[in-house]
Every structure is written in structure tokens, then in C-alpha cells.
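Written below as C-alpha cells is the structure these notes are about.
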Amino acid sequence: DEVTFTTTRIPNEVETANGAHLFTTIERLEGIHSPNVRGDREYHTPKISISDQDIEISIGLKPHAMEEDHYIELVWLKDVTQGKIVLAKEFSPSDESPPTLKARVPHGVTLQPYTFCNSHFLWKGEPF
């Protein structure tokens with residue numbers, strides 16, 4: 001069964017129904033880069049806030065830069081059991097810091113958050 005995720009409506013947000021191209025890009029990045037090896041954990045590790053089924057993913061314990069030469073390009077969630085990307089959001093350097101992704105997720109699903117920084121590459125958070 002496919003799990004349904006609902007999100008707040010943000011223009012750059014891409015969901016499974018129309019986001020195949022973005023998901024392909026993310027899968028390629030995961031195949032090229034080892035997670036959590038470049039840069040500072042405090043600025044890159046996905047941070048999760050949960051309230052019932054509502055979640056918010058923000059980046060780092062300290063605000064990450066959102067500038068032309070250094071910014072968070074992507075944030076996504078992966079279903080740990082199925083190994084599938086279920087939701088992703090793309091950012092631009094002009095977006096506010098910290099970049100965030102808000103979603104409503106069903107109970108009983110184990111997800112893992114990821115981020116991609118254009119300077120420090122792939123970062124993987126803890127499953128929740």
C-alpha cells in the first residue's frame with residue numbers, strides 16, 4: 001500500500017504524484033555521496049519536530065546559510081521500511097534560513113530525513 005502524505009502548500013514543494021524527476025535526482029545524489037562526512041553537523045543535520053502526525057524538518061542546530069555559493073538545495077523524507085522517497089522539497093539561495101519542510105504523516109511509518117548542501121553534500125538524520 002502506498003502511504004499518503006499531506007503537506008502545507010509551498011511553491012517549490014514536490015510530492016510523489018508529480019515529483020518523479022526530483023526523486024531521480026535525489027536517488028542519484030544518494031548513490032554518489034556518503035552522508036555526514038563534509039561540513040559541520042550543527043549546520044547540516046536534519047532536525048525533526050513532531051506533534052502528533054504533524055512534523056517539521058529544519059536544518060541544523062544553528063541556522064544554515066542560504067546564499068548563492070552555499071545553501072541547502074534539497075530536503076526529503078525516505079520510508080525506512082520500503083527504501084522509497086516519499087516527500088521532497090527543493091530550495092533556492094533566496095529562501096529563508098533555516099529551510100524547512102512541513103508535513104502530516106500517518107502513524108506507523110518509520111521515516112528518515114535527508115538534506116543536501118551544495119557545498120557539503122549529503123546529510124542524513126536519525127529515523128523517527
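Quickly run through region 105-128 and pick out the residues that are at positive phi and under 14 Å from the mean Cα position of the chain (by Cα). Within region 105-128, F121 is the sole residue that qualifies. Among the residues examined, K62 does not qualify as within 15 Å of the chain's Cα centre (by Cα) and either under 13 Å from T45 (Cβ atoms) or modelled with pLDDT of 90 or more (or both).
Scanning region 38-48 for residues that are in a loop (DSSP other than H, G, I, E, B) and either touching a strand residue (DSSP E or B) at 6+ places or on another chain (Cβ under 7 Å) or open to solvent by 80 Å² or more (accessible area, probe 1.4 Å) (or both) turns up R38, G39, T45. Taken over region 105-128, the criterion of being surrounded by 19 or more Cβ atoms within 10 Å (Cβ to Cβ) and either outside any strand (DSSP E or B) or not hydrophobic (A, V, I, L, M, F, W, C) (or both) is satisfied by V105, P113, Y114, T115, H120, G125.
Flag not set for E30, criterion: of a type in the set (D, E), part of a strand (DSSP E or B) and surrounded by fewer than 20 Cβ atoms within 10 Å (Cβ to Cβ). Note on region 49-86: among residues that are open to solvent by 50 Å² or more (accessible area, probe 1.4 Å) and assigned to a strand (DSSP E or B), the one that is farthest from R104 (Cα to Cα) is E67.
Every condition in (1) within 14 Å of the chain's Cα centre (by Cα); (2) open to solvent by less than 50 Å² (accessible area, probe 1.4 Å); (3) not small (G, A, S) is met by K102 except one, and the failing one is (2).
The values are calculated or read from the model by the stated rules, or taken from the named source; none is laboratory data. Predicted, not measured: the structure shown is a model, and the values here were computed from it. So basically every Cβ, Gly included, is an ideal-geometry build from the backbone, and we count neighbours across all protein chains shown. All accessible areas refer to the heavy atoms of the entire protein, side chains included, with ligands and DNA or RNA removed. Shrake-Rupley method; radii C 1.70, N 1.55, O 1.52, S 1.80 Å.
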